[in-house]
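In what follows, a single structure is set out as structure tokens and then discussed.
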Amino acid sequence: MTCGGSCYDIVDDPMIQNTDWILADLLPTFLVIFFILILILHVLYQRHKISRHLTERNTWKRTRKMFLQLVPIGFIFLAFNMPLIIVGMLGITNSWYYTTFYSYTNSFWYCLPLLMPFAILSRQKEILKRLRILFNLRGANRIASLDGTA
């Protein structure tokens with residue numbers, strides 16, 4: 001027997017619904033924000049430490065590369081998850097927000113797995129070189145006539 005959706009939505013128990021919303025939607029969002037802030041602080045600390053010691057440049061390069069790979073992923077996650085969290089918090093005050101807005105913002109989740117590979121691959125140098133060659137992103141060459149009328 002299937003419920004046609006989430007079974008806890010059909011059961012009119014606000015405790016189960018709120019617990020699921022907090023654990024499945026709210027907690028991951030705040031964890032992503034928390035760990036992105038920790039990552040930014042770590043990168044700034046590494047940069048400060050590197051400015052004093054010239055021997056640790058490889059550590060700085062690895063930390064910087066990790067930062068540049070993880071931050072776009074985190075921001076894409078937040079961009080598609082924050083509307084759902086905002087509407088969920090508004091729904092606590094007024095149940096009207098759960099009707100239409102929640103359905104639209106909940107559909108943003110389906111775009112998230114589609115965009116993650118682009119966020120990951122956008123920071124790979126080899127992939128970027130191949131894409132530039134593939135799409136010929138070097139710029140157009142202008143051709144002018146010899147008499148200068150064009």
Quiz prompt | In nm, spacing of pseudo-spin labels at residue 111 and residue 62 (7 Å Cα→C-beta vector) | solution = 3.7 nm
Exercise. Step through the residues of segment 85-97 one at a time and calculate ³J(HN,Hα) from phi using the Karplus curve (6.51 cos²θ - 1.76 cosθ + 1.60, θ = phi - 60°), rounding each to whole Hz and writing x for Gly and Pro.
Key: 5, 5, 5, x, 5, 5, x, 5, 7, 9, 6, 4, 5
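Each value in this text was obtained by applying a stated rule to the coordinates, not by laboratory testing. This one's a predicted model, so the numbers in the text were calculated from it and none came from an experiment. For neighbour counting, all protein chains shown are included, and Cβ atoms are generated from backbone atoms with ideal geometry for every residue, glycine included.
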